[in-house]
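Scroll down for the structure; my scribbles are underneath it.
The values are calculated or read from the model by the stated rules, or taken from the named source; none is laboratory data. This one's a predicted model, so the numbers in the text were calculated from it and none came from an experiment. Heads up, the Cβs are rebuilt from the backbone with ideal geometry, glycines too, and the neighbour counts pull from every protein chain shown. With ligands, DNA and RNA removed, areas are computed over all heavy atoms of the protein, side chains included. Shrake-Rupley method; radii C 1.70, N 1.55, O 1.52, S 1.80 Å.
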Amino acid sequence: MPATSANLGPAFDSAGIALSCHDVVAFDVLASGLEVEVSGAGAGELPTDGSHLVVRAFRAACDELAWTPSGLRVVAGNGIPQGRGMGSSAAAVVAGVLGAWALCPEVDGVDLDAVLRLTSDLEGHPDNVAPCLLGGATLSWVTDGVARADTLPVHDDVRPVVLVPDATLSTHVARGLLPDAVPHADAAFNAGRAALLTHALVRAPALLFEATEDRLHQRQRAAAMPASAQLLDRLRAAGHAAVVSGAGPSLLVLTRRHPDDPADDPAAAVGLRDVADLTPEGWSVLPLSVDLHGARVERAAQQVSSR
């Protein structure tokens, strides 16, 4: 399962991108009982019983498929930081639902539309589950209560860098700070920037700084993550296309590949050193690439993975 970053600045609750940081989850049907093992991010903190989000999503998918396995073993190797705006909960939900679809003897293959609908229902919105499931950059929306999504062909020069603090932030808390209504001028501003964002991601990365401007949600949630808000201001003042990653507190910086550097090297990015120099001590700087594949099922090992 790839990590994801949603919103990308102006496209609140409607755009996201998959990143080359992964969880790998293996499933086995047992004769009885439930076993859950967690390593990596969240080990020792996440539950190892039926309340684990992967297990809850798996069981919700089993209900959808009208299938009840005799027992279940889940082994989660987590590379995605927890509670930091990198889509850890979306990855868990996608893993659980795909795991059920992959193991259910009554289905021949994964129904992506059904998986997107169910994972969006479980998460509450599709902006993270869509890129996790489909890979790349995605636009997502809801029609008649049903989640839909499509992918964008991200320009090869786009280089995501995620800045991860030690602190965590609840998505529920962050959403609680948003106003019920916004000025028409701010809504119009974000609509224009969201349209520009799709063009910048696909064809014109040089426009990413202007394309990532936002007036609807980042400043409104700054009180819940003052250190992130201060760093965001510093990065944008220096000309970097920086945004809050999802609900935060991590930040995403959309840098660009240097024309003389290898196309497959995430660290080959214009401004990466400056971004690192501006990032305070205690934060992790993660130069990543866009995960173009999304969640991947490896049936031979009964494993749900992204590799």
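Report the far tail of the P(r) of the range 22-89, meaning the percent of Cα-Cα pairs longer than 14 Å. In whole percent, the long-distance tail amounts to 59. Treating each Cα of the chain as an identical point scatterer and summing with the Debye formula, the log10 of I(q)/I(0) at q = 0.10, 0.11 Å⁻¹ comes to -0.53, -0.64. I want to make sure I understand the PRE zone here: with the label point 7 angstrom from the Cα of LEU112 toward its beta carbon, which residues in the range 144-181 have backbone N atoms less than 20 Å away? From the range 144-181, the list is 146-156.
Simple rule: put +1 on each Lys or Arg Cβ and -1 on each Asp or Glu Cβ in the chain, find the dipole, and look at THR151, GLY135, ALA195; the Cα lying farthest toward the positive end is ALA195.
Taking a cut-off of 12 Å, what percent of all Cα-Cα pairs in the range 121-177 are separated by more than that? Within the range 121-177, distances greater than 12 Å cover 75 percent of Cα pairs.
Across the chain, C-alpha contacts under 8 Å between residues 6 or more apart give a mean separation that, scaled by the residue count, equals a relative contact order of 26 percent. Ordered by 1.4 Å accessible area with all protein chains kept, THR151, THR279 run largest first as THR151, THR279. Principal-axis analysis of the Cα atoms of the chain puts helix 226-237 at an angle of about 50° to the longest axis. Each principal axis of the Cα cloud of the range 159-211 was evaluated for its coordinate range; sorted largest first, these ranges are 35, 33, 13 Å. Only helical runs count toward this figure. For the chain, summing -39,500 (n - 2.57) over DSSP H runs of n ≥ 4 and dividing by all residues gives -9000 deg cm²/dmol at 222 nm. When a 1.4 Å probe is rolled over the protein heavy atoms, the share of accessible surface on the chain that falls to carbon and sulfur comes to 50 percent. Rounded, prolate or oblate: which one fits the range 169-283, using the alpha carbon gyration tensor with axes a ≥ b ≥ c (rounded when a/c is under 1.5, else prolate when a/b beats b/c, else oblate)? Note, shape of the range 169-283 comes out oblate. Lys and Arg at +1, Asp and Glu at -1: add these up for the other residues within a Cβ distance under 10 Å of ALA241 and post the number. Its environment carries a net charge of 0. The long axis of helix 88-103 is offset from the longest Cα principal axis of the chain by roughly 30 degrees.
A Förster distance of 22 Å, applied to the separation of the beta-carbon atoms of HIS293 and THR198, puts the FRET efficiency at 0.60. Probing with 1.4 Å while keeping every protein chain in the model, the per residue accessible area of the range 25-111 equals 41 Å². In plain terms, the chain from ASP150 to ALA276 could stretch by 42.1 nm, reckoned as 0.36 nm per residue minus the Cα-Cα distance.
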